[in-house]
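A.B. asks: Please see the structure below; I have some questions.
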Amino acid sequence: MLVVTANWALADGTLVAPPRRGQQEFLEAVHRAALRSGFRRDGRYEPVEGIDVVLAGDTFDGLTSSVWNGTVRPWHEGTRAAGMAAGVLLAAAVRGRRLLAGLADWARDGLTVPAADRLGRPAADRRRRGPVRGTILPGDRDPWVAAAAARLARRGVSVAAAWEGAGVSVCHGAELDPLWSVAEPGRPTLGASLAVDLVARFGNVMRGRPDLWPACRPLVARLATARPADMPGIVGDWLSSLERGTVVVRDAWRTAVAAWRRQARLAEPACDASFDSIDAVAAWMDGLHSAVDDGARNAPDVAALLDSRPPVGAAAGTVVFGHWSGTVDGATICRPGWAIEAEVAAGVTVAGVTPAGRHRGAAHAVFPDPQRPELRWPLLPGDASAPRSWPVAGAQRIVEAA
């Protein structure tokens, strides 16, 4: 059984406080899925033989932090920047200790499921431990995970650029997004520049206003997980809901946009665009308009640059799952000569991309084990669809999410 999860964006807590309830819910959802995976098409139960849990990038958010309020940036080279990034990652790991500890416990002890009796049914009085292999993929917001590979390995969790098994590869997908394409050493991507020098800067300013920070902290958290194309609309909607402090928040946002523009001129963030992306993006952010209003029609190039794009050129047999701005509304499985958009169960958030108006965040999916093509997989509770079974070729269906 393959479990893929992504976009937890566990921050260090200085600007964004990650929820902890979802971590426990995810662990419980995987346990339920492991139990269901033992039921074969003929109705017989056979315990799952093994589980691969892949954290497919952006498990941590090392960018939305007050640590970068000074002159050092996470993309700078040198021991000081590396040490600060490691500190942010460690603080974020403490915030995500339920998720990481649960994965480490499974990797050490296995996941307990009922054994099968002689009639092919779950035995209530006997248990079996299925081996669990955990893998973390570095994302665009937490590339420093690779430096913690030795520490994670002692807990039974491996770090890899991509997960491969049974002819399928899982990757984060940031390389497919022009905003997060790999930059030269010491130079940020446009996405990282916006996260640090716009969102985090704005958050630091609002944190200095104790009278407004309780109301604005959820706004900063939402901006940290939003597509850049949606940021002006999110701020505009938030301003319309404030009872007081509207002018202060609006001016703080526009001041942060102006500061980002000056900093971007110095840092020269990498961006695959045929026009001056810095001035265009600054004007977009300052306009406080959404991607569907007149502002989008007046700046189609900027909207196209900042908006999500479906994966192009992914290797055959690759599941692109993870990067919230590098996928369409669903995971995409690429096969030689064709691509299938994964069918998503009702209300499920996949790869952090959700229908308009819904909050983006952590998502996970469970794929049928390629070694057991006869498994019977029920959908989410409340789904009117009848349970189905699928062959190996149908392993792209999303069947479980927290």
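The values are calculated or read from the model by the stated rules, or taken from the named source; none is laboratory data. All figures in this text were calculated on a predicted structure; none of them were measured in a lab. Cβ atoms come from the backbone with ideal geometry, glycine included; neighbour counts cover every protein chain shown.
A.B. asks: Just name the residue that is farthest from F60 (Cα to Cα) out of those in the stretch 75-91 that are buried (at least 18 other Cβ atoms within 10 Å of the Cβ) and either out of contact with any Phe, Trp or Tyr (no Cβ under 9 Å at 6 or more places or on another chain) or among the polar types (S, T, N, Q) (or both).
C.D. replies: The extreme case among them is H76.
A.B. asks: Do we find that A183 is in a loop (DSSP other than H, G, I, E, B) and either under 21 Å from G139 (Cα atoms) or at pLDDT 90 or above (or both) in this structure?
C.D. replies: For A183, the condition - in a loop (DSSP other than H, G, I, E, B) and either under 21 Å from G139 (Cα atoms) or at pLDDT 90 or above (or both) - is met.
A.B. asks: Could you list all residues from the stretch 156-168 that are at pLDDT below 80 and buried (at least 17 other Cβ atoms within 10 Å of the Cβ)?
C.D. replies: Once the filter is applied, which keeps residues that are at pLDDT below 80 and buried (at least 17 other Cβ atoms within 10 Å of the Cβ), the stretch 156-168 yields only V168.
A.B. asks: Further question: Does V248 meet the test of being in contact (Cβ under 8 Å) with a residue 12 or more places away in the chain, more than 20 Å from N7 (Cα to Cα) and assigned to a helix (DSSP H, G or I)?
C.D. replies: Taking the combined requirement at face value, the residue satisfies it.
The rows are residues; the columns are (1) under 30 Å from P185 (Cα atoms); (2) exposed (fewer than 15 other Cβ atoms within 10 Å of the Cβ); (3) in contact (Cβ under 8 Å) with a residue 60 or more places away in the chain.
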| site | (1), (2), (3) |
| --- | --- |
| A93 | yes, no, yes |
| P114 | no, no, yes |
| R118 | no, yes, no |
| A150 | yes, yes, no |
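A.B. asks: Being surrounded by fewer than 17 Cβ atoms within 10 Å (Cβ to Cβ), modelled with pLDDT of 85 or more and on the phi < 0 side of the Ramachandran plot: is that true of W260 here?
C.D. replies: So W260 does not fit the description; no.
A.B. asks: If you don't mind, another one. When the residues of the stretch 196-245 are filtered to those that are assigned to a loop (DSSP other than H, G, I, E, B) and closer than 20 Å to N69 by Cα, which remaining residue is modelled with the lowest pLDDT?
C.D. replies: So the residue we want is T225.
A.B. asks: Do you know which residues across the stretch 137-160 are part of a loop (DSSP other than H, G, I, E, B) and either more than 15 Å from the chain's Cα centre (by Cα) or of a type outside the set (A, V, I, L, M) (or both)?
C.D. replies: P138, G139, D140, R141, D142, R154, R155, G156, A160, listed by residue number.
To keep it simple, each residue is scored yes or no on (1) outside the structural domain of G57 (by TED's automatic domain parsing); (2) touching a strand residue (DSSP E or B) at 6+ places or on another chain (Cβ under 7 Å); (3) more than 19 Å from N7 (Cα to Cα).
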{"site": "L119", "(1), (2), (3)": "no, no, yes"}
{"site": "P122", "(1), (2), (3)": "no, yes, yes"}
{"site": "R129", "(1), (2), (3)": "no, yes, yes"}
{"site": "R133", "(1), (2), (3)": "no, yes, yes"}
{"site": "I136", "(1), (2), (3)": "no, yes, no"}
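A.B. asks: In the stretch 1-47, which residue that is among the aliphatic types (A, V, I, L, M) and in a loop (DSSP other than H, G, I, E, B) is farthest from A221 (Cα to Cα)?
C.D. replies: By that ranking, first place goes to M1.
A.B. asks: Another question, then. Mind checking whether some residue in the stretch 54-67 is in a strand (DSSP E or B), buried (at least 19 other Cβ atoms within 10 Å of the Cβ), modelled with pLDDT of 90 or more and not polar (S, T, N, Q)?
C.D. replies: Scanning the stretch 54-67, I find at least one residue that is in a strand (DSSP E or B), buried (at least 19 other Cβ atoms within 10 Å of the Cβ), modelled with pLDDT of 90 or more and not polar (S, T, N, Q), so the answer is yes.
A.B. asks: In addition: Mind counting the residues in the stretch 182-207 that are farther than 30 Å from T246 by Cβ and buried (at least 17 other Cβ atoms within 10 Å of the Cβ)?
C.D. replies: 3
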